[in-house]
Amino acid sequence: MRPEDLPEVMTIEEQTFPVPWTRQNFLHEIRDNPFSSNWVVRSEAGKIVAYANAWIVDRELRINNIAVREASRRQGYGAGLMIHLMDRGRGCDWASLEVRPSNLPALGLYEKLGFRVVARRKGYYSDTREDALVMRAQL
């Protein structure tokens with residue numbers, strides 16, 4: 001992911017999440033965070049169809065943000081990006097992430113990739129006060 005990718009990334013972000021990251025959040029991750037790894041997936045036509053942000057800290061791959069353009073969902077982009085992130089995390093002991101219990105497609109994908117629920121954060125999401133499931137996979 002590069003700063004010039006942000007117009008497309010922001011479109012996907014704003015269409016996906018009720019409380020989206022800001023452009024400044026992404027710029028910080030790209031430019032200033034030494035633990036951050038940021039990726040985009042492009043279609044054959046060069047359009048960004050998915051992106052992700054992860055940190056590698058203390059032998060843990062922390063997946064903070066992943067989204068797929070709505071028109072491109074259920075075509076393997078999310079799974080491919082998750083597998084790429086997990087491969088980049090080689091040398092880490094664990095991969096972890098948080099997900100809404102209501103996000104059944106994401107839960108299904110994460111479970112297929114070996115993630116298991118290890119905790120529940122009550123009222124985690126500020127927009128709906130929905131809990132977050134903390135999931136972890138051994139790498």
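The values are calculated or read from the model by the stated rules, or taken from the named source; none is laboratory data. These numbers were taken from a predicted model, which means no experiment stands behind them. Counting neighbours? That spans all protein chains shown, and the Cβs are built from the backbone with ideal geometry, glycine included.
The table for this structure:
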quantity: Which listed residue, of Arg120, Arg129, is among the basic types (Lys, Arg), outside any helix (DSSP H, G or I) and touching a Gly at 6+ places or on another chain (Cβ under 6 Å); calculated: Arg129
quantity: Criterion violated by Ala45 - all others in (1) modelled with pLDDT under 95; (2) surrounded by 12 or more Cβ atoms within 10 Å (Cβ to Cβ); (3) within 21 Å of Met10 (Cβ to Cβ) satisfied; calculated: (2)
quantity: Among residues of the range 15-41, those that are exposed (fewer than 13 other Cβ atoms within 10 Å of the Cβ), without any contact (Cβ under 8 Å) to a residue 24 or more places away in the chain and not polar (S, T, N, Q), counted; calculated: 3
quantity: Residue within the range 72-89 that is in contact with a strand residue (DSSP E or B) (Cβ under 6 Å, 6 or more places away or on another chain), within 24 Å of Arg42 (Cα to Cα) and polar (S, T, N, Q) present; calculated: yes
quantity: Selection count where residues are under 22 Å from Arg74 (Cα atoms), touching a Lys or Arg at 6+ places or on another chain (Cβ under 7 Å) and of a type in the set (Lys, Arg), scope the range 112-139; calculated: 1
quantity: Condition check for Arg121: in contact with a strand residue (DSSP E or B) (Cβ under 9 Å, 6 or more places away or on another chain), surrounded by fewer than 13 Cβ atoms within 10 Å (Cβ to Cβ) and either under 16 Å from Glu13 (Cβ atoms) or at pLDDT below 95 (or both); calculated: no
quantity: Where a residue in the range 120-131 is of a type in the set (A, V, I, L, M, F, W, C) and its partner, wherever it lies, is part of a loop (DSSP other than H, G, I, E, B), with Cβ under 7 Å and at least six apart; calculated: none
quantity: Residues that are surrounded by 15 or more Cβ atoms within 10 Å (Cβ to Cβ) and aliphatic (A, V, I, L, M), drawn from the range 80-118; calculated: Leu81, Met82, Leu85, Met86, Ala95, Leu97, Val99, Ala106, Leu107, Leu109, Leu113
quantity: Unmet requirement for Ser72, which otherwise passes all of (1) closer than 30 Å to Lys122 by Cβ; (2) hydroxyl-bearing (Ser, Thr, Tyr); (3) over 15 Å from the mean Cα position of the chain (by Cα); calculated: (1)
